[in-house]
Amino acid sequence: MFSFHVFDHPMSRGFQNRFSTQYRCYSVSMLAGPNDRSDVEKGGKIIMPPSALDQLSRLNITYPMLFKLTNKNSDRMTHCGVLEFVADEGICYLPHWMMQNLLLEEGGLVQVESVNLMVATYSKFQPQSPDFLDITNPKAVLENALRNFACLTTGDVVAINYNEKIYELRVMETKPDKAVSIIECDMNVDFDAPLGYKEPERRPQHQEEPTEEEADPPSYEDMDLGFRAFTGSGNRLDGKTKGIEPSPAPLGPSDIKRGIPNYEFKVGRITFIRNSRPLPRKTLDDDDAMNRFIAFSGEGQSLRKKGRKP
């Protein structure tokens, strides 16, 4: 008739579903083993001991497993995921950039608690160096790097590896919360100006474009005429300099050859312009005289006068 649901109390259920413990943290380079675990440095996940997996499996926690890391000495916190459960008991291994955010040293104590985070919809990053602008497609590079992360926390400085170079980016803003999960989410990414970036100075353009008349040189002396014959100075055998000054002939408007633009030019069409000016009248008269010339049609002359013999 009476029933007591002691174990279904909300306080007891929340206490049972919560994982909270302390570990001594070390960087991934301190992880013992023959295999190189440099891949841990490229993401936002940690390595925990097998006892943590045994304890987590007994709790009714939600997946994916996300954790809140807190350094109680400096009151710094961040969030992460778990990669493997192969660490020694009482020890967890963190990426180096995560230890820097938490202000932890090798062997320091860190509080690890299981949490549930909302799915991210927006995030904004600020590169910590202008070198990040050298990347051709920064959004694609960041999207590929965030595949190794499980969550983001506002204020963290994450590190990504691209072309054997480490780029640091500060998480300026995340939505809908200050700590979000980025596993299987549709997130809009935005960038702030890199730290120390200065925009190039733009010179004011006060000078207007020159017109067609202003583009022409003011005088013939200012034009680049190239080679001109007989404009140098001579040398005398007696060593005197009298009468050897150069005297270039003055140029007239007819000496300057100016090009005539082809106003009927069409793209893809080549036009060969030939000299089609009419010939002078004198030249035509000479041609007519040459056409009327007949060889050996003249009269001969004799030195002796022709007369009758007596």
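The values are calculated or read from the model by the stated rules, or taken from the named source; none is laboratory data. None of the values given here were measured: they were computed from a predicted structure. Positions of Cβ are generated from backbone atoms using ideal geometry, with glycine treated the same way; all protein chains shown enter the neighbour counts. Each accessible area value is taken on the protein alone, full model and side chains, heavy atoms only, with ligands, DNA and RNA left out. Shrake-Rupley method; radii C 1.70, N 1.55, O 1.52, S 1.80 Å.
The accessible-area ordering, largest first, of the residues H96, H79 stands as H96, H79, per a 1.4 angstrom probe. Here r is the Cβ-Cβ distance between R58 and V119 and R0 is 30 Å; the resulting FRET efficiency, rounded to 0.05, is 0.70. When all protein chains stay in place and ligands, DNA and RNA are ignored, the 1.4 Å accessible-area order of C25, C185, largest first, is C185, C25. Computed with a 1.4 Å probe on the full set of protein chains, the accessible area for K72 sits at about 140 Å².
Sorting S302, S27 on solvent-accessible area from highest to lowest, probe radius 1.4 Å, gives S302, S27.
Running Debye on segment 18-113 with equal point scatterers at the Cα sites and no solvent, what base-10 log of I(q)/I(0) appears at q = 0.14 Å⁻¹? Those come out to -0.46, one per q.
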